[in-house]
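Report on one structure; see the data block that follows.
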Amino acid sequence: VKAMNKREMRYRQLGRLTAHTRDLAGKCVEETKDHWDRIDQIVFANQDKVLKAFTENKICLFHMNPSSGYGYGDVGRDALERLYASVFGGEQALVRTHWTSGTHVIKSTLFAILRPGDQLLCVTGSPYDTLLPVIGCGEGKRYPGSLAEFGVTYKQTDCLLKLESQEINVDEMAACLKELIEPMTKAVFVQRSRGYAQRKSVSLKSLAVFLEILKEKWPGIYTVVDNCYSEFTGVKEPPEVGADLTVGSLIKNPGGGLALTGGYAVGSKKCVEMVADSLYAPGLAGEVGSNPAGYRDVFQGLFLAPKVVGEALKGAVFASLLFQALGYRVDPCPGDERSDIVQSIILGDPRRLSAVTGAIQAASPVDSYVLPQPWDMPGYDHKVIMAAGGFVQGSSIELSCDAPFIPPFAAYLQGGLTKEHVILACMNAKEALENLQ
Ligand SMILES: *Cc1c(COP(=O)(O)O)cnc(C)c1O
């Protein structure tokens, strides 16, 4: 990260956006109307669901209080977990600030349910980059401490993505599973969001169809859903359609921009208890775990999350319209149904990618004066460039733009606590692209 020079400073002068930029943005906003209306309906349904969960679980101010030491009898923590279980439709939940990231939650979860000799089957293609060292499936690499090193084997297919994009039907997917599933297949992993990949996100509808087939034919196989970036993008969550474990990060959607760190796992009682043993220690389960900072931000963040996710979705729709109008290939397209908050924009060129990430950074409330550089981020095996200027480090429910610094130089834009922020940042990015020429 280096301080901006004079030329780059131009991106920051938001007040001086050209008339052309303002006109084009205005037109795009007009075109968002129907899409935004649909998002409003989802926001309303989710706000209703979350509010009901707060009242049914009798959340009170006392629950926000901090705890210390072992955390025995931490009533705030217990209330928070009942609340999450209600909102996500699971039997039990574990919501802990001791988890540092989504990767950490997924790691705890996989190590909780898999044993030497078991096999993990991923049905949504290659998993998120940071999971490759966890699984131990990097090309020709040995990852100490990975599942592979503990004797857990791994297989993958993209049959659920193909069902999502209607390239195959339900029978063909069932046939694909039948071919792949072996007696040692212990768990199936589903990643809903596209992450940093050119692929579709998994809708709850496809997930429901998939889980029904799997549960009918192979009831003993655990299902783990990586729900990162997908919470509240629809009106139902994976536990409601039978996922055994649904996991995610609190500094993404369900933290509503307020949670400072942490993760959650929701699902069946048995599975959530195994995850608790994996996070802490066998025998301790979820009975321990204090939080000296208190739970107010996590409670309030969950309350705000439906609305904040709605803002991020609306911003993504705007970005899709704007960059499409500028001639770039975008996915999802403006009118597509969205199952995550990620908007990909194929820029096709490293200079354009740097210009867009630089402009997004420059239009951030925090750290606006720095310029993102491609770097070797831990957990990724190629360079990554990231624009992030949020109040919580790495929080990607706040507006951020990440990209693997490799062809096709696609920017992945996500988050935004207000849609207006996303619009302003995208306008800045448009001008940055034009200034390149
Ligand atoms: C963000 C993300 C992860 C990993 O979460 P971190 O908090 O970055 O470790 C895993 N899967 C998906 C789909 C994600 O979006």
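Derived from the Cα gyration tensor, the three semi-axes of the equivalent ellipsoid of the stretch 365-434 are 20, 15, 11 Å, largest first.
Rounded to the nearest 0.05, what FRET efficiency is calculated for Tyr369 and Trp218 with R0 set to 60 Å and r the Cβ-Cβ distance? List each step's numbers first, then the result.
On the way: r = 54 Å, r/R0 = 0.90.
So, using R0 = 60 Å, E works out to roughly 0.65.
Stretching Asp349 away from Met184 to a fully extended chain increases their span by 55.0 nm, per 0.36 nm per residue minus the current alpha-carbon distance. Computed from phi, the 3J(HN,Hα) profile of the stretch 195-201 under the Karplus parametrisation 6.51, -1.76, 1.60 (θ = phi - 60°) reads x, 9, 10, 7, 8, 7, 8 Hz, with x in place of Gly and Pro.
Given Lys52/Lys205; Lys186/Lys307; Lys49/Lys155, which pairs have Cα atoms separated by over 27 Å?
Details: Lys52/Lys205 24 Å; Lys186/Lys307 37 Å; Lys49/Lys155 37 Å.
With Cα atoms farther than 27 Å apart: Lys186/Lys307; Lys49/Lys155.
Using the Cβ-Cβ distance between Leu436 and Ala45 with R0 set to 45 Å, the FRET efficiency works out to roughly 0.60. For Ser67, nonlocal amide neighbours, meaning residues 5 or more places apart or on other chains whose placed amide H falls under 5 Å from its own, are Asn291, Ala293, Gly294.
How large is the charge dipole for the chain, taken about the Cα centre, if only the Cβ atoms of Lys, Arg (+1) and Asp, Glu (-1) carry charge, to the nearest 20 debye? Walk me through the numbers on the way to the answer.
Numbers: 45 positive and 49 negative charges, 185 e Å.
Around 880 debye, computed over the chain.
Here the dipole of the stretch 21-155 is about 360 debye; that uses its Cα centre as origin and unit charges on the Cβ of Lys and Arg (positive) and Asp and Glu (negative).
Of Gly263, Gly416, Gly73, which has the largest mean-square fluctuation in a 10 Å C-alpha GNM of the chain? Among Gly263, Gly416, Gly73, the largest mean-square fluctuation in the Gaussian network model of the chain belongs to Gly73.
Under the criterion of Cα pairs below 8 Å and six or more residues apart, the relative contact order for the chain equals 21 percent.
Restricting the calculation to Cα atoms, the stretch 204-297 yields a radius of gyration followed by a Dmax of 14.8, 46 Å. Between 0 and 90 degrees, rounded to the nearest ten: what's the tilt of helix 204-217 against the longest Cα principal axis of the chain? Tilt relative to the chain: about 20 degrees. Shape analysis of the chain yields a ratio of the Cα radius of gyration to the Kirkwood radius, Rg/Rh, of 0.97.
Projecting the Cα atoms of Ala174, Met386, Phe232 onto the charge dipole of the chain (Cβ charges, centred on the Cα centre) puts Met386 farthest toward the positive pole.
In whole Å, how far is the Cα centre of the stretch 248-284 from that of the stretch 362-437? Their Cα centres are 27 Å away from one another. Pairs of Cα atoms nearer than 8 Å and 6+ residues apart set the relative contact order; for the stretch 183-298 it is 19 percent. When the chain is treated as a GNM with alpha-carbon contacts under 10 Å, the residue of Glu216, Glu237, Glu337 showing the greatest mean-square fluctuation is Glu216.
Once you divide the Cα radius of gyration of the stretch 28-99 by 2.2 N^0.38 Å, the number left is 1.52. Taking only the C-alpha atoms of the stretch 83-173, Rg followed by Dmax gives 15.6, 44 Å.
When the helices in the chain are scored as -39500 (n - 2.57) per DSSP H run of 4 or longer and the sum is shared across all residues, what 222 nm value do you end up with, to the nearest 500 deg cm²/dmol? Intermediate values should be presented prior to the final figure.
Values: 12 runs with 175 residues, N = 437.
Taking each H run of at least 4 residues, the total per residue is -13000 deg cm²/dmol.
Just need the relative contact order of the stretch 345-389 here, percent rounded to a whole number, with Cα pairs under 8 Å and 6+ apart. Don't skip to the answer; put the middle values down first.
Values: 49 pairs, mean separation 15.5, N = 45.
Once normalised by length, the contact order is 34 percent.
Computed log10 I(q)/I(0) for the stretch 264-373 at 0.14, 0.17 Å⁻¹: -0.85, -0.96, from the Debye equation with unit scatterers placed on every C-alpha and solvent omitted. If I fit a long axis through the Cα atoms of helix 269-279 and take the longest principal axis of the Cα atoms of the chain, what angle between them do I get, 0 to 90°, rounded to 10? Taking Cα atoms only, the helix is inclined about 70 degrees. Computed about its Cα centre, the charge dipole of the stretch 214-368 is approximately 260 debye, with only Lys, Arg, Asp and Glu carrying charge at their Cβ. When both bridge partners sit in the stretch 118-264, DSSP labels roughly 10% of those beta bridges antiparallel. The separation of the stretch 89-163 from the stretch 312-332, counted between C-alpha centres, amounts to 31 Å. Estimated from the Cβ-Cβ distance and a Förster radius of 45 angstrom, the FRET efficiency linking Lys155 and Glu91 is about 0.95. The Cys residues in the chain with no partner Cys Cβ within less than 4.7 Å of their Cβ are Cys28, Cys60, Cys122, Cys137, Cys228, Cys271, Cys333, Cys401, Cys426. Of all the options Ser354, Ser320, Ser165, the one that moves most in a Gaussian network model of the chain with Cα springs shorter than 10 angstrom is Ser165. Extent of the stretch 279-437 along its three principal axes (Cα atoms, max minus min coordinate, largest first): 61, 33, 30 Å.
Taken together, the values in this text are just the output of simple stated rules run on the coordinates, not laboratory data. All figures in this text were calculated on a predicted structure; none of them were measured in a lab. Every residue, glycine as well, gets a Cβ built from its backbone with ideal geometry; the counts of neighbours run over all protein chains shown.
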